[in-house]
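A quick write-up on the structure given underneath.
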Amino acid sequence: MYGVELGGSLKNIYAIIAGLTAQLGMGYNTNSMLVTRSLTKMVRFGREIGADPMTFLGLAGVGDLVVTCSTPLSRITELGRLWELASP
């Protein structure tokens with residue numbers, strides 16, 4: 001259960017960062033690196049608090065992370081794009 005809850009929560013943090021990087025003009029390679037590193041961090045953090053690391057390799061982890069960080073329709077990623085625009 002920890003893995004599913006963490007996967008859903010942590011991917012939002014990384015999706016905001018994906019939106020920021022997109023707004024800054026960084027491309028698909030940066031997004032790919034971000035998703036890969038994010039998944040690694042999610043697995044390590046989950047393992048530390050007792051989650052099954054394999055949970056993150058399914059839809060609750062990598063599936064949700066990839067779609068949320070990669071689609072322009074994601075509200076969370078859009079938040080990152082707008083956040084960068086609002087900063088001084």
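The values are calculated or read from the model by the stated rules, or taken from the named source; none is laboratory data. Worth saying up front: this structure is predicted, and the values here are computed from it rather than measured. Cβ sites come from the backbone with ideal geometry, for glycine too, and all protein chains shown count toward neighbours.
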Among the residues of the stretch 41-48, are any acidic (Asp, Glu) and surrounded by 14 or more Cβ atoms within 10 Å (Cβ to Cβ)? no
Among the residues that make up the stretch 3-16, is at least one of them in a helix (DSSP H, G or I), aromatic (Phe, Trp, Tyr) and in contact (Cβ under 8 Å) with a residue 12 or more places away in the chain? yes
Residue within the stretch 63-74 that is over 12 Å from GLY7 (Cβ atoms), touching a Ser or Thr at 6+ places or on another chain (Cβ under 7 Å) and surrounded by 15 or more Cβ atoms within 10 Å (Cβ to Cβ) present: yes
Residues satisfying the stated conditions in the stretch 30-40, i.e. within 15 Å of GLY7 (Cβ to Cβ) and surrounded by 13 or more Cβ atoms within 10 Å (Cβ to Cβ): VAL35, SER38, LEU39
Would you mind stating whether THR55 is under 13 Å from GLY8 (Cα atoms), polar (S, T, N, Q), surrounded by 15 or more Cβ atoms within 10 Å (Cβ to Cβ) and more than 14 Å from the chain's Cα centre (by Cα)? yes
Odd one out for SER9 among (1) farther than 19 Å from ILE76 by Cβ; (2) surrounded by fewer than 20 Cβ atoms within 10 Å (Cβ to Cβ): (1)
Out of THR36, THR71, THR40, THR30, I need the residue that is of a type outside the set (D, E, K, R) and closer than 15 Å to ILE13 by Cβ. Which one? THR40
Of the residues that make up the stretch 40-53, is at least one part of a loop (DSSP other than H, G, I, E, B) and at positive phi? yes
Residue check, LEU82 modelled with pLDDT under 90 and in a helix (DSSP H, G or I): yes
